[in-house]
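Below: the structure, in structure tokens.
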Amino acid sequence: MTSSWLQLAQKTAIVTGAGSGIGAMGYTVARSLLNQQCRVIQVDRDEASMQHITKDASVVQCDVSQEDQVRNVFVQSDNPSILINCAGITRDGWISNLSNDDWDSVLDINLKGTFLMCREFIRLQNERLKQGEDRPACSIVNVGSVVSELGNLGQTNYAASKGGVLGLTRALAKEVARSHIRVNAVVPGFIDTPMAQQVPVHVQEQIRNQIPLGRFGKPEEVADLILFLASPRSSYITGECIKVSGMISL
Ligand code: NAP
């Protein structure tokens, strides 16, 4: 995608989960935003996983499930108008074996982390409006999963967290539409990242057989949709949860 078409140049975007996979600098969301001359604030719980590559790519260590750390991200961010919530984890297991910690950590990071980041972003934008600043239109992009709709063995915690992310996305979109803040979600199927590579190889094979396009998605194929939803090119799209899944059925 050419930089002029997406109109992302000189905007500032916060990207969580920027240390790996879909959000990462290697070749996906953070990198694609930089290629559009967008300033990028990379956020991950592991600082070493993020790359300090240009003056337009800064790094903030943050566990998105921790309110004080989330606040600090916004203290360190100069006028962000885009928020992309990619941070997420899985802790798979049959429900009878799932510990409280397996449940809580997945809900805390995937759902509460998305909530905390969105809330702080909205508070910042409200503050800017109150101070009479000429605030640009803003966009939030969350990341769900087809598993919340299709179900998947061993993922009750993950499916619940991602269902919550989609509900949050639709409700928040209504709340903030009049403030010119759009909120959408991408809903990936199985994407070839370190998260999907944790799935046993024989299960990966079974999943691949359920994908009409015959392969897992590439992180950059999710990144392209995220960039479009983040950009002013999608200015009349809000409250949508859009699949990028090769038409998977589980
Ligand atoms: P990934 O390669 O594991 O990347 C996720 C990144 O988020 C990692 O760097 C991870 O750090 C970071 N992270 C985890 N917990 C965090 C926290 N509390 N605070 C800040 N950062 C945290 O996974 P991915 O496949 O790119 O996943 C990105 C998003 O897509 C996730 O929300 C995931 O649920 C969703 N998704 C992925 C797939 C797929 O098939 N890959 C499908 C549907 C949805 P650590 O390495 O330290 O955990």
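The values are calculated or read from the model by the stated rules, or taken from the named source; none is laboratory data. Keep in mind that what you see is a predicted model, and the values were worked out from it rather than measured. Methodologically, a virtual Cβ is constructed for each residue, glycine included, from the backbone with ideal geometry; neighbour enumeration extends over all protein chains shown. For accessibility, only protein heavy atoms count, side chains too; no ligands or nucleic acids. Shrake-Rupley method; radii C 1.70, N 1.55, O 1.52, S 1.80 Å.
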Over the stretch 75-93, the set of residues within 20 Å of Thr156 (Cα to Cα) and not acidic (Asp, Glu) is Cys86, Ala87, Gly88, Ile89, Thr90, Arg91, Gly93
Taking the stretch 1-44 and the residues there that are open to solvent by less than 10 Å² (accessible area, probe 1.4 Å) and hydroxyl-bearing (Ser, Thr, Tyr), the one that is modelled with the lowest pLDDT would be Thr28
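Within the stretch 55-74, how many residues turn out to be of a type outside the set (Ser, Thr, Tyr) and out of contact with any Asp or Glu (no Cβ under 8 Å at 6 or more places or on another chain)?
Filtering the stretch 55-74 down to residues of a type outside the set (Ser, Thr, Tyr) leaves 55-57, 59-64, 66-74.
Next cut, out of contact with any Asp or Glu (no Cβ under 8 Å at 6 or more places or on another chain) only: 55-57, 60, 63-64, 66-68, 72.
Number of matching residues: 10.
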Per the filter on the stretch 45-65, residues surrounded by fewer than 14 Cβ atoms within 10 Å (Cβ to Cβ) and more than 15 Å from the ligand (Cβ to nearest atom) are His52, Thr54, Lys55
message: With the structure loaded, tell me whether Gln36 is of a type in the set (S, T, N, Q), under 15 Å from Leu225 (Cα atoms) and touching a Pro at 6+ places or on another chain (Cβ under 6 Å) or whether it fails that test.
response: no
Scanning the stretch 52-103 residue by residue, those touching a Phe, Trp or Tyr at 6+ places or on another chain (Cβ under 6 Å) and more than 15 Å from Arg123 (Cα to Cα) turn out to be Thr90
*asked:* Can you say whether Val106 is touching a Phe, Trp or Tyr at 6+ places or on another chain (Cβ under 6 Å) and closer than 30 Å to Pro200 by Cβ, as far as the supplied structure shows?
replied: yes
If we take the stretch 182-250, then helices (runs of 4 or more DSSP H) inside it with 2 or more residues that are surrounded by 21 or more Cβ atoms within 10 Å (Cβ to Cβ) are 219-230
By residue number, the members of the stretch 66-93 that are surrounded by fewer than 17 Cβ atoms within 10 Å (Cβ to Cβ) and either basic (Lys, Arg) or touching a helix residue (DSSP H, G or I) at 6+ places or on another chain (Cβ under 7 Å) (or both) are Glu67, Arg71, Gly93
Taking first residues from the stretch 98-116 that are among the charged types (D, E, K, R) and second residues anywhere that are not in a helix (DSSP H, G or I), the pairs with Cβ under 7 Å that are 6 or more apart or on different chains are Asp102/Arg91; Asp102/Gly93; Asp108/Ser65; Lys112/Ser65
Look at Gln131 and say whether it is more than 28 Å from Ser81 (Cβ to Cβ) and out of contact with any strand residue (DSSP E or B) (no Cβ under 9 Å at 6 or more places or on another chain).
no
